[in-house]
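The values are calculated or read from the model by the stated rules, or taken from the named source; none is laboratory data. The shown structure was predicted, so the numbers you read here are calculated from the model rather than taken from an experiment. Here Cβ is always computed from backbone atoms with ideal geometry, including for glycine, and neighbour counts include all displayed protein chains. The protein model used for the area step is the full one, side chains on, heavy atoms only, and it has no ligands, DNA or RNA in it. Shrake-Rupley method; radii C 1.70, N 1.55, O 1.52, S 1.80 Å.
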Amino acid sequence: MFSPSSPPTGLLEKVFQYIDLHQDEFVQTLKEWVAVESDSVQPVLRLRRELLRMTDLAADRLRNLGAHVDLVDAGFQQLPDGQSLPIPPIILAALGNDPKKPTVCFYGHLDVQPARREDGWVTDPHTLTEVDGKLYGRGTTDNKGPVLAWINAVSTFRALDEDLPVNVKFVIEGMEEAGSLALEELVQKEKAGFFSSVDYIVISDNLWVSRRTPALTWGTRGNSYFMVEVKCRDQDFHSGTFGGILNEPMADLVALLGSLVDSSGRILIPGIYDHVAPVTEEEKRTYEAIDLDLEEYRNSSQVKKFLFDTKEELLMHLWRYPSLSIHGIEGAFHEPGAKTVIPGRVIGKFSIRLVPHMNMSVVEKQVKQHLDYIFSKRNSSNQMTVSMTLGLHPWVANIRDNQYLAAKRAIKTVFGTEPDMIRDGSTIPIARIFQDTIQKSVMMLPLGAVDDGEHSQKEKINRWNYIEGSKLFAAFFLEMAKLH
Ligand SMILES: NCCCC(=O)N[C@@H](Cc1c[nH]cn1)C(=O)O
Ligand SMILES: [Zn+2]
Ligand SMILES: [Zn+2]
């Protein structure tokens with residue numbers, strides 16, 4: 001673990017001491033939040049009520065800090081079976097309105113992925129449990145811990161009766177894991193309202209690539225999600241009665257899916273790499289500087305061999321090249337046992353992670369043309385339909401923005417090191433939506449370590465990351481004030 005290069009002085013020292021002294025209280029609040037099963041993924045009323053309770057808990061915490069809190073009604077989620085469920089209100093909160101100070105807005109989410117002990121957790125996922133400095137529990141790193149770290153930083157200034165160095169705003173939602181329903185609409189609606197005074201947006205919803213070295217994230221990939229349906233009829237067939245006399249939808253689909261990517265990970269759709277920017281030598285050097293132990297990463301991922309042998313190649317294929325993943329087949333027989341069915345209609349699902357300069361509608365056209373061509377070669381009598389059901393743009397930040405400079409300085413103060421300047425292979429759609437709509441600087445400042453296991457069993461945040469992360473946000477406020 002790192003120690004700061006030179007000890008903090010003055011106000012910063014007081015702030016750090018306060019956070020150290022009160023760390024058990026901060027952990028206790030995280031425990032209370034983790035105890036709320038705020039799962040937005042499973043659309044059931046019991047869990048929606050938990051989400052509403054979680055939203056109230058967070059809103060109360062913000063009110064206790066003296067923030068002005070609005071709970072914005074987000075309407076209802078319509079389910080495919082005709083039922084509807086309430087979407088938890090989105091929290092818009094503000095603390096301070098000094099025109100001489102910059103206004104920094106933090107985005108975070110209170111909802112979590114589903115978690116059941118029998119999925120392979122060693123401890124109860126909704127009971128925060130500390131083992132060797134690791135705080136286990138669903139939502140600890142994604143995203144309750146980072147949301148609370150920001151609140152801890154603010155509350156420290158309040159507790160010390162110190163002026164906040166910046167005006168602070170919060171956008172906290174409860175549907176991120178279910179696609180941030182209603183959030184984009186709210187951002188558009190509040191562009192000239194709540195967001196008009198916002199100068200900077202900070203998101204802390206991803207991880208470092210290391211267990212030790214802090215990171216600053218300046219880009220994420222986008223995603224285009226495709227469904228390819230192959231249909232003979234709406235009913236299944238008995239393979240003893242029909243096997244051998246018809247084009248089987250599953251055989252067509254497997255051929256289609258098998259035509260998308262080769263065994264080296266290269267996407268086989270003609271033209272797909274055409275707009276991807278070539279790699280420069282300077283860019284390659286940036287990957288060399290990243291603290292990633294390939295062997296450790298491979299072992300902790302339990303993968304025998306990655307497609308690439310060097311750190312640089314691996315990072316480039318995660319961050320700056322597109323990738324194609326096949327996710328599943330709807331309508332397929334997937335249960336244990338040996339049923340002799342021929343599915344009558346199947347839907348293959350795959351997505352392409354997009355990188356800067358790729359054009360989403362060109363990608364859509366290329367995918368459709370390719371699948372049409374492969375399907376036509378099969379002379380199948382089935383019907384094929386391809387649709388792009390989701391299109392999320394990649395996001396790239398301007399790392400020359402003041403807030404990146406402030407964050408680098410704060411990281412140096414707290415951790416005594418320069419951050420890894422990283423991108424992220426996944427997509428945080430709201431970053432690009434904020435950037436395009438509000439047209440203000442967006443930064444991702446992650447707190448969690450590479451092995452935190454977001455979305456997985458045994459999710460955790462290290463006590464060290466949580467507490468030093470709270471200090472990091474406090475130091476960031478002070479650095480932002482200095483730069484303004
Ligand atoms: N570390 C943050 C990851 C957030 C995340 O999992 N985002 C999803 C968003 C998405 C993309 N396509 C559909 N949903 C992701 O898969 O990247
Ligand atoms: Zn998240
Ligand atoms: Zn998540």
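Of all the listed residues (Ala481, Ala431, Ala474), the sole one being among the small types (Gly, Ala, Ser), open to solvent by 20 Å² or more (accessible area, probe 1.4 Å) and over 30 Å from Glu118 (Cα atoms) is Ala481. Does at least one position in region 177-184 carry a residue that is within 16 Å of ligand 3 (Cβ to nearest atom), of a type in the set (Gly, Ala, Ser) and surrounded by fewer than 21 Cβ atoms within 10 Å (Cβ to Cβ)? The answer is yes; a qualifying residue exists.
Would region 392-403 turn up any residue that is without any contact (Cβ under 8 Å) to a residue 40 or more places away in the chain, away from ligand 3 (no atom under 16 Å from the Cβ) and out of contact with any Phe, Trp or Tyr (no Cβ under 6 Å at 6 or more places or on another chain)? If you could, list the steps in order and put the result at the bottom.
Pass one, region 392-403, residues without any contact (Cβ under 8 Å) to a residue 40 or more places away in the chain: 400.
From the residues that got through so far, the ones that are away from ligand 3 (no atom under 16 Å from the Cβ) too are 400.
Going one step further and asking which of them are out of contact with any Phe, Trp or Tyr (no Cβ under 6 Å at 6 or more places or on another chain), we end up with 400.
Checked against the condition, which is being without any contact (Cβ under 8 Å) to a residue 40 or more places away in the chain, away from ligand 3 (no atom under 16 Å from the Cβ) and out of contact with any Phe, Trp or Tyr (no Cβ under 6 Å at 6 or more places or on another chain), region 392-403 yields at least one hit.
What number of residues within region 438-450 satisfy the criterion of being away from ligand 3 (no atom under 14 Å from the Cβ), in contact (Cβ under 8 Å) with a residue 12 or more places away in the chain and closer than 18 Å to Lys169 by Cα? Of the residues in region 438-450, 6 are away from ligand 3 (no atom under 14 Å from the Cβ), in contact (Cβ under 8 Å) with a residue 12 or more places away in the chain and closer than 18 Å to Lys169 by Cα.
For region 412-425, the criterion of being assigned by the TED database to the domain that holds Thr213 and touching a Cys at 6+ places or on another chain (Cβ under 9 Å) is met by no residue. Candidates are the residues of region 451-467 that are closer than 18 Å to Ala149 by Cα and either in contact with a Phe, Trp or Tyr (Cβ under 6 Å, 6 or more places away or on another chain) or not in a helix (DSSP H, G or I) (or both); the one that is farthest from ligand 3 (Cβ to nearest atom) is Asn462.
Where residues in region 388-416 are open to solvent by less than 50 Å² (accessible area, probe 1.4 Å) and among the polar types (S, T, N, Q), which of them is nearest to the chain's Cα centre (by Cα)? Filtering first and then ranking leaves Gln403. Taking (1) within 27 Å of the chain's Cα centre (by Cα); (2) open to solvent by 40 Å² or more (accessible area, probe 1.4 Å); (3) modelled with pLDDT of 95 or more; (4) under 22 Å from Lys134 (Cα atoms) in turn, Phe2 satisfies each apart from (3). Take Asn143 and decide whether it is within 19 Å of Met54 (Cα to Cα) and either outside any strand (DSSP E or B) or within 19 Å of the chain's Cα centre (by Cα) (or both). Yes, satisfied.
The condition (being modelled with pLDDT of 95 or more and out of contact with any Leu (no Cβ under 9 Å at 6 or more places or on another chain)) is satisfied by just one residue among Ser323, Ser381: Ser323. Scan region 417-425 and give yes if some residue there is surrounded by 18 or more Cβ atoms within 10 Å (Cβ to Cβ), more than 23 Å from Ala182 (Cα to Cα) and away from ligand 1 (no atom under 16 Å from the Cβ), otherwise no. Yes. Looking only at residues of region 111-127 that are away from ligand 1 (no atom under 16 Å from the Cβ) and open to solvent by less than 50 Å² (accessible area, probe 1.4 Å), we find that the one that is modelled with the lowest pLDDT is Gly120. Cβ-Cβ under 8 Å, sequence separation 6+ or interchain: first residue in region 111-122 and at positive phi, partner within 16 Å of ligand 3 (Cβ to nearest atom). Which pairs? These pairs meet every condition: Gly120/Gln457; Gly120/Lys458.
From the list Ala178, Ala153, Ala93, Ala182, which residue is under 20 Å from Arg49 (Cα atoms), away from ligand 2 (no atom under 16 Å from the Cβ) and among the small types (Gly, Ala, Ser)? Don't jump to the end; show me each part of the working.
Working: Ala178 fails: away from ligand 2 (no atom under 16 Å from the Cβ); Ala153 fails: under 20 Å from Arg49 (Cα atoms); Ala93 fails: under 20 Å from Arg49 (Cα atoms).
Of Ala178, Ala153, Ala93, Ala182, the one residue that is under 20 Å from Arg49 (Cα atoms), away from ligand 2 (no atom under 16 Å from the Cβ) and among the small types (Gly, Ala, Ser) is Ala182.
Given the condition surrounded by fewer than 23 Cβ atoms within 10 Å (Cβ to Cβ), closer than 29 Å to Gln439 by Cβ and out of contact with any Leu (no Cβ under 9 Å at 6 or more places or on another chain), answer yes or no: does some residue in region 128-140 qualify? Within region 128-140 (the criterion being surrounded by fewer than 23 Cβ atoms within 10 Å (Cβ to Cβ), closer than 29 Å to Gln439 by Cβ and out of contact with any Leu (no Cβ under 9 Å at 6 or more places or on another chain)), the answer is no, since none of the residues qualifies.
For Asp56, the requirement of being surrounded by 13 or more Cβ atoms within 10 Å (Cβ to Cβ), under 14 Å from Lys169 (Cα atoms) and charged (D, E, K, R) is not met. Among the residues of region 455-471, the ones that are surrounded by fewer than 20 Cβ atoms within 10 Å (Cβ to Cβ) and within 15 Å of ligand 2 (Cβ to nearest atom) come to 2 in all.
Of the residues making up region 152-176, those that are crowded, with 23+ Cβ neighbours inside 10 Å and at positive phi number 0.
Does Ser325 qualify as being touching a residue at least 12 places away in the same chain (Cβ under 8 Å) and either over 30 Å from Asn247 (Cα atoms) or among the small types (Gly, Ala, Ser) (or both)? Spelling it out, Ser325 is indeed touching a residue at least 12 places away in the same chain (Cβ under 8 Å) and either over 30 Å from Asn247 (Cα atoms) or among the small types (Gly, Ala, Ser) (or both). Scoring Lys231 on the criteria (1) of a type outside the set (A, V, I, L, M, F, W, C); (2) within 16 Å of ligand 3 (Cβ to nearest atom); (3) within 25 Å of Thr385 (Cα to Cα) leaves a single failure, condition (2).
Can you confirm whether region 279-297 contains a residue that is of a type in the set (Gly, Ala, Ser) and either farther than 28 Å from Pro419 by Cβ or open to solvent by less than 60 Å² (accessible area, probe 1.4 Å) (or both)?
Going through region 279-297, the residues of a type in the set (Gly, Ala, Ser) turn out to be 289.
Subsequent filtering for residues that are either farther than 28 Å from Pro419 by Cβ or open to solvent by less than 60 Å² (accessible area, probe 1.4 Å) (or both) retains none.
No; the residues of region 279-297 include none that is of a type in the set (Gly, Ala, Ser) and either farther than 28 Å from Pro419 by Cβ or open to solvent by less than 60 Å² (accessible area, probe 1.4 Å) (or both).
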